[in-house]
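Asks: Before we start, here is the structure in question, set down as structure tokens.
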Amino acid sequence: MSTVPESPAVRRRRSRKKVLAIVLAGGEGKRLMPLTADRAKPAVPFAGIYRLIDFALSNVVNAGYLQVVVLTQYKSHSLDRHVTQTWRLSTMLGNYVAPVPAQQRVGKHWYLGSADAIFQSLNLVRDEKPDIIVVVGADHVYRMDFAQMVDQHVESGAACTVAAIRQPIGLADQFGVIDVDPRDTGRIREFLEKPKNPTGLPDSPHEVLASMGNYVFDADALVSAVTDDAVMSGSAHDMGGDIVPAFVAQGRAGVYDFKDNEVPGASDRDRGYWRDVGSLASYYAAHMDVVAPLPVFNLYNFQWPIYTSYGPQPPAKLVRGEGQRIPVAEDTVLSPGVVVTGGRVYRSVLSPAARVETDAEVADSILMHGVRIGAGAVVRRAILDKNVVVPANARIGVDPEEDLARGFLVQDGLTVLGKEQPFPE
């Protein structure tokens, strides 16, 4: 006999646990330069209308956790503004998403690491008095119902639970890898940082469990752990590098296998999708996942929406250009406010207010807010940040040597221009 799955609200009432969500959004994002030259990594735009942080916040809120603090640090103005203006919950019900900048509450230093960020923000925990703390990163693209992870955590009796995704064993040296106890695969035996010769999973020897940077803690256990870590010499004060291994050493750490997470509306093709967009290559690849005709990551799952705000933009528009040139847009995401005037766009993402003029061609590229592509210009395999203007008949991404001579960044087969970067005469 089939049963109807419990909703997150029903599960929360059953567990009777008060949950506080902490989003770690202080990432500097050096490998995403120049996109992070003027903004924090979680504030980097994605798929036209979103910021990277919108995915973490949407997952937390969709799971039913409506008391959320966002810890920020580097170049946080645009991130703070986005969170403040977009993520407004009902204060009458005591719900909030609150950006909290580094404040030097415990000494004359900024956050020394993700664990130190939580330690310096323990006043938020004391004020809220939660039973459970969900800690998530702010710079991954995925869907996840954290309520299911919290349920497993409570039922397991672990003090710390780490979310993990299965990865080919050949990629183990790119991740923090979780070695499970073969006799109890829900328990972490060892936490390995980018191992060279790891052991495969008991049920899948060709795979390993890689940490996703998402955690669930008993609140008192996390408070004690970050407090002890704060005075520990030699610690990097990092959640994955110091706090989780401490729980593992105590035998109090469990693992949550992401494959067991059932998100409403997920398709067979995009179920279990998770992408770390920490480099320009992975950031670009995630966009190509979105524009695919059958997307590997489906933005159109209305049962688990990704929330955002893109301002008062009009609808996208495709119109004939000079000489009655017919516009073309194939396998492309067109955001509100986009106008393609007799240009041709293929396998690309156009963010709000982007413009493509007559006979211009844009292929395999990402255009951010307000980018202008002049008539007859050609843009290929490029990432153009906000308000970049490409002159008429110019070329970007066609000849790497030509791009380098102009002072553009050429990396991993991509040409990247920063925010408002001028085009040389």
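Asks: Can you list which of the trypsin sites (Lys or Arg not before Pro) found in the range 183-267 are DSSP loop residues with at most 13 other C-beta atoms within 10 Å? Display every interim value, and only then the final one.
Replies: Numbers: sites: R183, R187, R189, K196, R252, K259; in loops: R183, K196, R252.
Counting only loop positions with at most 13 other Cβ atoms within 10 Å, the trypsin sites (Lys or Arg not before Pro) in the range 183-267 are R183, K196.
Asks: For the chain, what is the accessible area per residue in Å² when the probe is 1.4 Å? Show your work: numbers first, answer last.
Replies: Values: 18850 Å² over 425 residues.
Accessible surface, normalised per residue, equals 44 Å².
Asks: Please sort by residue number the chymotrypsin sites (Phe, Trp or Tyr not before Pro) in the range 301-402 whose DSSP state is loop and whose Cβ has at most 12 other Cβ atoms within 10 Å.
Replies: Details: sites: F302, Y307, Y310, Y346; in loops: F302, Y307, Y310.
Loop-located and lightly packed - F302.
Asks: Given axes a ≥ b ≥ c from the Cα gyration tensor, I'd like to know whether the range 345-394 is rounded (a/c under 1.5), prolate (a/b larger than b/c) or oblate. Could the numbers behind the result be given before it?
Replies: Working: a/c = 1.59, a/b = 1.16, b/c = 1.37.
Cα axes put the range 345-394 in the oblate bin.
Asks: Taking K and R as +1 and D and E as -1, what net charge do the other residues with C-beta under 11 Å from the C-beta of V290 add up to?
Replies: -1
Asks: Kindly provide the helix-only [θ] at 222 nm of the chain, computed as the sum of -39,500 (n - 2.57) over DSSP H runs of four or more divided by all residues, to the nearest 500 deg cm²/dmol? Could you put the intermediate results ahead of the total?
Replies: Values: 10 runs with 88 residues, N = 425.
Counting only the DSSP helices, I get -6000 deg cm²/dmol.
Asks: Could you give the length gained on full extension between D181 and D127, defined as 0.36 nm per residue of separation minus the Cα-Cα distance, in nm?
Replies: Numbers: separation 54, 0.36 × 54 = 19.44 nm, distance 3.70 nm.
Roughly 15.7 nm would be gained on extension.
Asks: Now, a different point. For the range 39-113, rounded, prolate or oblate, judged on the Cα gyration tensor with a ≥ b ≥ c (square roots of eigenvalues), a/c < 1.5 rounded, else prolate if a/b > b/c?
Replies: Details: a/c = 2.10, a/b = 1.24, b/c = 1.70.
Here the range 39-113 falls in the oblate category.
Asks: Further question on the same structure: Taking the DSSP beta bridges in the chain as the whole, what percent of them are antiparallel, to the nearest 5?
Replies: Numbers: 30 of 81 bridges.
If I count the DSSP bridges inside the chain, around 35 percent turn out antiparallel.
Asks: Could I ask something else about it? How tilted is helix 280-291 with respect to the longest principal axis of the chain? Cα atoms for both, answer in degrees (0 to 90, nearest 10).
Replies: Result, in degrees: 80.
Asks: What does the charge count near R381 come to, summing +1 for each Lys or Arg and -1 for each Asp or Glu among other residues with Cβ under 13 Å from its Cβ? Intermediate results must be reported in sequence, preceding the final value.
Replies: Details: positive: R347, R380, R395; negative: E361, D364, D399, D403, D412.
Around R381, the charge tally is -2.
Asks: For the range 132-231, just the Cα atoms, rotate onto the principal axes and tell me the three extents in Å, largest first.
Replies: So the extents along the principal axes, rounded to whole Å, are 36, 32, 32.
Asks: So how strong a dipole does the range 329-391 carry about its Cα centre when Lys and Arg Cβ are +1 and Asp and Glu Cβ are -1, to the nearest 20 debye? Before the final figure, lay out each step's value.
Replies: Working: 7 positive and 7 negative charges, 30 e Å.
Once rounded to the nearest 20, the dipole reads 140 debye.
Asks: Just flag the chymotrypsin sites (Phe, Trp or Tyr not before Pro) in the range 103-189 sitting in loop per DSSP whose Cβ has no more than 16 other Cβ atoms within 10 Å. Display every interim value, and only then the final one.
Replies: On the way: sites: W110, Y111, F119, Y142, F146, F175; in loops: W110, Y111, F175.
Taking the range 103-189 and a limit of 16 other Cβ atoms within 10 Å, the loop chymotrypsin sites (Phe, Trp or Tyr not before Pro) found are W110.
Asks: Calculate what fraction, in whole %, of the accessible area of the chain sits on carbon and sulfur atoms when a 1.4 Å probe is rolled over the protein chains. Mind dumping the intermediate values first?
Replies: Numbers: 9500 of 18850 Å².
It is 50 percent, rounded to a whole number.
The values are calculated or read from the model by the stated rules, or taken from the named source; none is laboratory data. Since we're looking at a predicted model, the values are computed, not measured. Cβ sites come from the backbone with ideal geometry, for glycine too, and all protein chains shown count toward neighbours. To get the accessible areas, we keep the full protein, side chains included, count just its heavy atoms, and leave off ligands, DNA and RNA. Shrake-Rupley method; radii C 1.70, N 1.55, O 1.52, S 1.80 Å.
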